[in-house]
Amino acid sequence: MSHVLVGGGLVVALSGGVGGAKLALGLSRVLPAEELLVVANTGDDFEHLGLTICPDIDTLSYVLAGLDNPATGWGRRDETWSFMETIATLGGADWFRLGDRDLALHVERTRRLGAGQSLSQITADICHRLGIGPRVLPMSDDRVRTRVRGEGGWIDFQDYFVRQQCRPAVHELAFTGAADARPQPDVMAALASGNVRAVVICPSNPFISIEPILAVPGLRAAIEGCGAPVVAVSPIVDGRAVKGPTAKMMQELGLPVSSAAVAKRYGGLLDGYVVDAADSESIGAELLIAPTLMTTLEDRETLARAVLGFADRLG
């Protein structure tokens, strides 16, 4: 791997799970570890089978540690499923699949939370034990839960996303607890340090991965006031979502499925926007056209370098 030497300072990346983790990995491979801080969405978190599950933190951790399952995009590679098979035979809830190796992380996290440790402390220690160099921090140590309003009323996000496979039409989203949540203090200190090179919004679903982060009081203002360029990478390529329900959600919320609509959703937050060649429409911010579809490790590194170079030019 080759490091990006131009620029210097801290890169703060906002990320959800699968799509965001691809760029986070690319950034981790072209930056020194101490120059990357990944802020993870925790709106997807939920309690299941008595355990606290943090899907986006876990996906980021597994990807950065090289333990992710490339076939599914979530969970661990070389997984076994004895636990879930046994749960099913006992009549338990088996709609959210927890592999045996993955299960160990949830059990240990839940134990530590019960012992009084914060989610930040637990995440930092687990990342250290998995050999991850960059810091990965939750957007908040307080409970925030994404909720979806469909035809049948309000449901929890994982009910919508996994149990019902995104079938309900989305009429509204809410981030329960966000208004009272406190932003993660190390993230706020980093943004206020005067040493931020760039804030990168990874190509995650804007509605359910990035907006929960921005909904935590003080975080958006801290990003706007950090003195560094804010660059987002579009999760839309040629009118289609690369991964997940982004395009379906946009249609149901009455928005055009386009990179420009995603940029508009972020309002005046963006200084720069990275889009694929198929999506080079005017969006009100500086535009970089680059290959944004990351299918190989080289793709991830190439896009990371392009994003950082773009941010440096804007800065």
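What follows is calculated from the coordinates using simple rules that are stated; it is not laboratory data. Everything numeric here is computed off the predicted structure, so don't read it as measured data. Cβ: placed from backbone, ideal geometry, glycine included. Neighbour counts: every protein chain shown.
Summary table
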quantity	calculated
Reachable lysines from LYS22, criterion Cα separation under 18 angstrom, eight or more residues apart if same chain	LYS243
Cubic angstrom per residue, convex hull over Cα atoms of the chain	124
Dipole magnitude (debye, nearest 20) for the chain, charges at Cβ of Lys, Arg, Asp, Glu	100
For LEU288, distant residues with modelled amide H under 5 Å away	TYR273, VAL274, VAL275
Efficiency of FRET from Cβ geometry, THR302 and ALA104, R₀ 41 Å, rounded to 0.05	0.75
Rough spin-label spacing in nm, given labels placed 7 Å along Cα→Cβ, for SER193 and ARG111	3.2
Rounded Å value of the spacing that divides the Cα centres of the range 149-171 and the range 285-302	31
Share antiparallel - DSSP beta bridges, the chain, percent rounded to 5	40
Sorted by Cβ density within 10 Å, fewest first, the residues SER82, SER204, SER28	SER82, SER28, SER204
Residues HIS128, HIS171, HIS106, sorted so that the one with the fewest Cβ neighbours within 10 Å comes first	HIS128, HIS171, HIS106
Kirkwood Rh and Cα Rg combined as Rg/Rh, the range 105-246	0.98
Rotationally averaged projected area of the range 188-315 (alpha carbon convex hull; nm²)	7.6
Residues in the range 73-115 that a label on LEU293 would reach, taking backbone N under 19 Å of a point 7 Å out along Cα→Cβ	73
Residue order, fewest to most beta carbons within 10 Å, for CYS202, CYS54	CYS54, CYS202
Relative contact order computed over the chain (Cα-Cα under 8 Å; 6+ residues apart), in percent	20
Volume in Å³ per residue [convex hull over Cα atoms, computed for the range 30-90]	110
Distance between modelled label sites at GLN121 and GLU252, nm, 7 Å Cα→Cβ extension	3.9
Size of electric dipole in the range 193-276: Cβ of Lys, Arg +1 and of Asp, Glu -1, about Cα centre, debye, nearest 20	100
Max mean-square fluctuation residue, GNM over the chain, Cα-Cα springs under 10 Å, options ARG77, ARG147, ARG163	ARG163
